């Protein structure tokens, strides 16, 4: 079974972290909240979450790491040398995935220096595009470039999570149906 670590730092965007965990667990993917500092982590909207585990050497055994956005959460991930090191290591392995949403593609991936010539999206704004100036910035909701998956922000979190299910070999179609996503797609056609 695939293993996913959603990395948490104080100030993380709650909807981006918890929605990904919820969707992946519904898809029967082993997904854990991994704190880079303490067991309890406070989100950007003051929601306190108990992590499943603390960041350690075993992070290398995971198949995917997910970097939620949020401020100052993305900044705190970017300041962590252990987070930057694991991103670089995962980037070298085509069987390991890096997923980042909202501010994290710009703030964290650029510090890890893995964005060069990659197709990436992030939270909209010129400051984020400038951080990703070495990348091929794409104005799309979810972007996949080899082992890198990026997305725009809170409103795109379900799409992002469903794409992660597919990338990990799951079936997002059945999951979307069970979660009534088809009703939203139908509504959007009007």
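FYI, it's all coordinate maths here, none of it is from the lab. What you see is a predicted model, and the numbers here were worked out from it, not measured in a lab. Methodologically, a virtual Cβ is constructed for each residue, glycine included, from the backbone with ideal geometry; neighbour enumeration extends over all protein chains shown.
Extension gain for residue 1-residue 138 works out to 46.2 nm (0.36 nm per residue, less the C-alpha to C-alpha distance).
Our note on the geometry: Cα centres of segment 157-190 and segment 27-91, 24 Å apart.
Going from the residue with the fewest nearby Cβ atoms within 10 Å to the one with the most, 151, 35, 135 rank 35, 135, 151.
Take the Kirkwood radius over Cα pairs of the chain, plug it into Stokes-Einstein at 37 °C and 0.692 mPa s, and you get 202 µm²/s for translational diffusion.
Note on 81, 19: ascending count of other Cβ atoms within 10 Å places them as 81, 19, the fewest first.
Considering only 131, 107, 179, the mean-square fluctuation computed in a Gaussian network model of the chain, springs between alpha carbons under 10 angstrom, is largest for 179. Rounded to the nearest whole angstrom, the semi-axes of the ellipsoid equivalent to segment 50-89, taken from the Cα gyration tensor as √(5λ), stand at 17, 13, 10, largest first. Tell me whether segment 44-148 comes out rounded, prolate or oblate; compute the Cα gyration tensor, take square roots of the eigenvalues as a ≥ b ≥ c, and use a/c under 1.5 as the rounded threshold. Here segment 44-148 falls in the oblate category.
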